[in-house]
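Colleague: This is the structure I want to talk about, given as structure tokens.
Taken together, the values in this text are just the output of simple stated rules run on the coordinates, not laboratory data. Here the structure is a predicted model, which is why all the values come from computation and not from measurement. Note that we place each Cβ from the backbone using ideal geometry, even for glycine, and neighbour counts take in every protein chain shown.
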Amino acid sequence: MTAVATGAVPGGRRFRGLDGVRALGALLVLTTHVGFETGDSLSSPVAGVLSRMDSGVAVFFVISGFLLFRPHVRSWVAQEEPATSTRRYLWHRFLRIAPPLWVAVVTAGLLLEPSTASVRTLVRHATLTHIYGDVPPAYGLTQMWSLATEGAFYLLLPVLGWAATRGRVSRGAVLTRLALLATTPLVGAGWMALTVDAGGKQGVWLPGYIGWFGAGMTLALWQVAREAGLLRESWVDAVAARPGTVWGLAVAVYLVAVSPAAGPYSLLQPSPGQAATKSLLYAALGLLVVLPAVARVGGVEPTAVRRLGGRTGRFLGDVSYGVFCYHLVVLELVEQALDYEIFTGGFLRLWLPTVVLSVGVATLSYYLLERPLMRRGRRGERTASRARGTDHPAPDAATTATSTSS
């Protein structure tokens with residue numbers, strides 16, 4: 001049973017609801033960092049709520065897994081050659097993540113005081129290799145560990161995509177792959193449990209987060225298979241059609257993660273069980289947050305999802321990567337301007353200017369740097385695709401998959 005026999009597989013489609021989800025994730029990540037700087041995520045009455053907003057990392061890893069794996073699944077189900085070569089895919093990834101990353105690294109090195117980062121440390125951050133080896137996190141760039149982890153996923157994805165899309169297309173083949181992908185959160189949780197005792201930086205390497213990317217890959221395979229008629233309508237469709245219910249479940253998972261079961265709120269080392277539990281809870285949370293935004297198979301999207309993809313949601317989604325790259329530099333500069341002493345409270349005093357200025361800087365970055373460079377870097381691709389008689393990919397759904405991480 002192939003996709004050719006069961007119906008067409010839609011092409012370069014933009015999942016507009018993901019824009020709002022991306023914006024929400026950016027806000028979560030920014031807020032948890034402000035909470036740490038003020039000390040409110042460590043000892044205030046809402047410490048757990050603020051601390052667990054680092055789950056925004058899981059949301060963005062799920063989005064990346066979905067958007068970047070989906071083209072591989074589409075090509076397999078349609079029994080076509082991949083629309084994008086590995087070389088072009090990696091070039092697109094580089095265009096998307098490198099310019100804002102480099103601006104943030106240079107800005108942090110020049111403007112933040114006290115800046116103790118050596119040139120070597122800044123270069124390691126700029127090349128996303130700082131999580132490997134004994135490299136101290138640079139002032140204002142501590143969030144970049146997650147971008148380095150995501151960069152490793154970018155490099156591995158062509159291999160994963162190739163391996164997962166070999167063989168004949170059938171309902172059984174889809175179900176087998178779904179079952180295998182469903183085990184990835186267990187792999188990630190196991191890695192996190194083992195690295196707690198091992199020490200070192202292994203806890204921020206890709207294996208510990210493969211389950212979060214795997215959750216997105218699972219959604220991609222399910223969604224494409226449903227559109228092609230390889231999977232029948234099920235309870236998943238019924239649940240996903242009710243975003244309020246799904247997001248209510250996500251809130252419930254979040255509240256469980258706030259409990260001591262997921263470990264301490266501070267930087268103290270969790271137990272192996274707590275590390276594994278947190279990993280699994282965040283994988284479930286990320287999947288539940290993203291599911292309603294990608295689940296539509298024909299018909300009309302729920303109102304809540306359409307609103308997420310409205311004008312405001314799309315704008316905030318476009319600039320969310322810039323918010324990720326620049327918000328800690330902005331936060332540190334706000335603290336300097338206010339002569340703020342760390343861990344002395346005053347959450348809103350720091351949060352409001354950090355949000356406003358981060359969005360402002362990210363907006364300038366997107367429209368003056370990121371989008372022009374992406375368009376210039378793709379010059380000629382649209383003409384070439386038309387000459388081949390194929391559709392050019394949508395305004396890069398995959399391009400916007402870049403994580404906004406903690």
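Colleague: Per residue, how big is the convex hull of the range 10-144 when only Cα atoms are used? Give it in Å³.
Modeller: In the range 10-144, the Cα convex hull volume per residue is 148 Å³.
Colleague: Roughly what would the spin-label model give for TYR132 and ASP339, points 7 Å off Cα along C-beta, in nm?
Modeller: Placing both labels 7 Å along Cα→Cβ, they lie 4.6 nm apart.
Colleague: Sticking with this one: Indicate the gyration tensor shape class of the range 222-364 (rounded, prolate or oblate), computed on the Cα atoms with a ≥ b ≥ c the square roots of the eigenvalues: a/c under 1.5 is rounded; otherwise a/b larger than b/c is prolate and the rest oblate.
Modeller: Oblate, because a/c is 1.5 or more while a/b does not exceed b/c.
Colleague: Given a 10 angstrom Cα cut-off, can you work out which residue in ARG314, ARG52, ARG168 is the most mobile in a GNM of the chain?
Modeller: Taking springs between Cα atoms under 10 Å, the residue moving most is ARG168.
Colleague: Using a cut-off of 11 Å between beta-carbons, work out the net charge of the residues near TYR340 (Lys and Arg +1, Asp and Glu -1, TYR340 not included).
Modeller: Once all neighbours under 11 Å are counted, the net charge is -4.
Colleague: Let me ask something else. What's the local net charge at VAL135, with K and R +1, D and E -1, over the other residues with C-beta under 13 Å away?
Modeller: Here the count lands on +2.
Colleague: Sort out the exposed loop GluC sites (Glu not before Pro) in the chain (DSSP loop, at most 12 other Cβ within 10 Å) and tell me the longest stretch that has none.
Modeller: Segment 1-232 is the longest.
Colleague: Would you list the membrane-span-like helices of the chain, meaning whole DSSP H runs whose alpha-carbon atoms span at least 24 Å along their axis and whose mean Kyte-Doolittle value is at least -0.5?
Modeller: What comes out of the filter, once short or polar helices are dropped, is 17-38, 56-78, 86-111, 144-164, 210-227, 272-294, 311-338, 347-365.
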